[in-house]
Amino acid sequence: MDSIINLQKKIVPELTNLLVQRYQILRQVSHEHPIGRRALAARLGLSERVLRAQVDFLKGCGLLVFSSSGMTVTEEGMDILRELADYVRKLQGLNSLEQLLCSKLNIGRVVIIPGDSDQEEVVKREIGRAAARILSRLLGDGKKHIVAVSGGTTMAALAANISGSHPQTVVVPARGGLGDNVELQANTIATVLAQRMGASYRQLYVPDSVSEEILNSILAEDTGVKAVVDIIKQADILVHGVGQAAVMARHRRMAPEFIQKLLDDGAVGEAFGQYCALDGRQVYMTNNAGLMLQDLPKIGTVIGVAGGRSKAEAILSVIRVSRQDILVTDEAAAHCIAEMLED
């Protein structure tokens, strides 16, 4: 009897690891198809010999197809991938972790994606895909909606994964432009999101962090900008990312001395131009024509979308200083947040 128990202890983890590995292969190929073996092995950190055995198995099961340009997941493979995602979550105890964070953080729903988006770009895409599904379901009631979105790489992943037909929806940027990377700005993400959903959109042509005097002047003189701001303030769904305080301060080209002061004051996270400390204090606030943290209680559904162990403190700080209804994150950030809550 003891030998059987010992055998179970050895075999079960090995089978679990094998299942997770095959799930990771299907997930990576689904995002980067067509992709060759060498590139896939490098993405997953596997030897080509180990990868070859696994992809040959998946091909034999009809889940992958090979071509001269690389591997692609079949329709059956996509169905299996969705089922595997739920099973892997249960194997890794992510359902229990979601319930724990809901209770500890007073959030209605937490969705955790396996992995660490700091280490795997595909995890960030999966976070975006999960957030896109949530947003699609919210818009599926056939009612008119105004959706406000922030900028950033995770939000860009959401926009890339959305689909459907929602002609009654209006998509707006939550705030003005920030940084030089146009593809990641809220205006661009709002446009892409609207186009992929068949919705309409508005853009806010006001730079982030202008002085209060300039901002008031723009709102007083430009009726077009004021009209867009009025629409933004009526948003009933908000989907936003979370930034690290130091990183976002550098994006705003703040002086190094001021950034150091923010950090000395305890700032670790940022959302909507507002810098938050881990204990729930608002450390600093920038000027902008769009949404601010104090606007969130007026919005019907607020969805926070961010992952990576490096962002755990930032996520927790923003949650503590604002209201969140849904959080979509990854396993690494979730475990780190849970550890901080225990401490």
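Can you list residues whose amide H is under 5 Å from ALA267's amide H, if they're 5+ apart or on another chain and H is modeled 1.01 Å from N?
none
Rounded to the nearest whole Å², what accessible area per residue is found for the chain with the 1.4 Å probe?
Here the per-residue accessible area is 48 Å².
Given a Förster distance of 35 Å, report the FRET efficiency between ARG109 and ALA39 from their Cβ-Cβ distance, rounded to the nearest 0.05.
Step by step, r from the Cβ atoms, then E = 0.50.
Measuring from centroid to centroid over Cα atoms, what is the spacing of the stretch 267-308 and the stretch 124-203 in Å?
What the calculation gives is 18 Å, centre to centre.
What is the local net charge at SER103, summed over the other residues whose Cβ is closer than 14 Å to its Cβ (Lys, Arg +1; Asp, Glu -1)?
0
With all protein chains present, calculate the accessible area of ASP295 using a 1.4 Å probe and round the result to the nearest 10 Å².
20
At q = 0.10, 0.12, 0.22, 0.24 Å⁻¹, what log₁₀ I(q)/I(0) does the stretch 239-340 have when each alpha carbon counts as one equal point scatterer in the Debye sum?
The calculated log intensity ratios at q = 0.10, 0.12, 0.22, 0.24 Å⁻¹ are -0.25, -0.36, -1.17, -1.33.
If I take R0 = 56 Å and measure r between the Cβ atoms of PHE258 and THR16 in this structure, what FRET efficiency does the formula 1/(1 + (r/R0)^6) give, to the nearest 0.05?
The calculated FRET efficiency here is 0.70.
For VAL171, what residues show an amide H to amide H distance below 5 Å, using hydrogens built from the backbone and excluding near sequence neighbours?
Distant-sequence amide H within range of VAL171: VAL147, SER200, TYR201, ARG202.
Share of Cα-Cα pairs in the chain beyond 37 Å, in percent?
Above the 37 Å cut-off, the chain has 24 percent of its Cα pairs.
Which trypsin sites (Lys or Arg not before Pro) in the stretch 257-321 sit in a loop by DSSP (not H, G, I, E or B) and have at most 15 other Cβ atoms within 10 Å of their own Cβ?
Taking the stretch 257-321 and a limit of 15 other Cβ atoms within 10 Å, the loop trypsin sites (Lys or Arg not before Pro) found are ARG281.
Name the long-range amide H neighbours of LEU64: under 5 Å, sequence gap of 5 or more, or other chain; modelled H, no Pro or chain starts.
LYS59, THR74
Between ALA160 and ARG49, what is 0.36 nm times their sequence separation minus the Cα-Cα distance? Round to one decimal in nm.
Extra length from ALA160 to ARG49 when fully extended: 36.7 nm.
How many percent of the accessible area of the chain is carbon or sulfur, using a 1.4 Å probe?
C and S atoms contribute 51 percent here.
Say each of PHE66 and ASP279 gets a label point 7 Å from the Cα, pointing the same way as Cα to Cβ; how far apart are those two points in nm?
Placing both labels 7 Å along Cα→Cβ, they lie 6.0 nm apart.
Using every pair of alpha-carbon atoms in the stretch 131-173, split the distances into 10 Å bins beginning at 0 and state the percent of pairs per bin, rounded to integers.
Spelled out per bin, shortest first, that is 27, 61, 12.
So which of LYS104/LYS226; LYS104/LYS144; LYS90/LYS233; LYS143/LYS226; LYS90/LYS298; LYS59/LYS311 end up more than 30 Å apart by C-alpha?
Over 30 Å Cα-Cα: LYS104/LYS226; LYS104/LYS144; LYS90/LYS233; LYS90/LYS298; LYS59/LYS311.
Run the quick spin-label model on ASP56 and MET78: label points 7 Å from Cα toward the beta carbon, then report their separation in nm to one decimal.
Reported label-point gap for ASP56 and MET78 is 2.9 nm.
Tell me, what HN-Hα J-couplings in whole Hz come from the Karplus equation 6.51 cos²θ - 1.76 cosθ + 1.60 at θ = phi - 60° for each residue of the stretch 86-101, using x for Gly and Pro?
Each residue of the stretch 86-101 in turn: 5, 5, 5, 4, 5, 4, 8, x, 6, 4, 5, 5, 4, 5, 4, 5 Hz.
Kindly state, to the nearest 0.05, the FRET efficiency for LYS144 paired with ARG250, given R0 = 45 Å and r defined as their beta-carbon distance.
Calculated transfer efficiency: 0.70.
The values are calculated or read from the model by the stated rules, or taken from the named source; none is laboratory data. Since the model is a prediction, treat every value here as computed from it, not as a measurement. A quick note on method: Cβ atoms are made from the backbone with ideal geometry, for glycine too, and the neighbour counts reach across all protein chains shown. Ligands, DNA and RNA are stripped out before the accessible areas are found, and what is left, the full protein with its side chains, is counted by its heavy atoms. Shrake-Rupley method; radii C 1.70, N 1.55, O 1.52, S 1.80 Å.
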